[in-house]
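To start, the structure itself, in structure tokens.
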Amino acid sequence: MRRMFGFLIGILVGGLVGSTVALLLAPEAGEKLRNEIRARGEGLINDIRRAGEARRIELSQHLESLKSPHTD
């Protein structure tokens, strides 16, 4: 759990640093760049949600397999 939390913090910090650098070095117009960054940010959030949901399903299935009686 601790590693996952650290990984998510790393993604967030990396995204913020990358966005800041992109804004400072961007050759495009401000409005166009903001729209592109917004779209990428939304895509990243959706990716994180999908990964979290997939992990939740995986863990739920594992929990159910642990709850079921074992027939040896």
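Summary table
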| read-out | value |
| --- | --- |
| Options Arg55, Arg34, Arg38; residue that is basic (Lys, Arg), surrounded by 10 or more Cβ atoms within 10 Å (Cβ to Cβ) and either at pLDDT 90 or above or touching a Leu at 6+ places or on another chain (Cβ under 6 Å) (or both) | Arg55 |
| Evaluation of Met1 against (1) exposed (fewer than 10 other Cβ atoms within 10 Å of the Cβ); (2) modelled with pLDDT of 80 or more (one fails), failing number | (2) |
| Residue list for the range 22-72, restricted to those being among the hydroxyl-bearing types (Ser, Thr, Tyr) and either part of a helix (DSSP H, G or I) or within 14 Å of the chain's Cα centre (by Cα) (or both) | Ser60, Ser65 |
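The values are calculated or read from the model by the stated rules, or taken from the named source; none is laboratory data. Owing to the predicted nature of the structure, the values given are computational and were not obtained by experimental measurement. Using ideal geometry, Cβ is built from the backbone for each residue, glycine included, and neighbour counts are taken over all protein chains shown.
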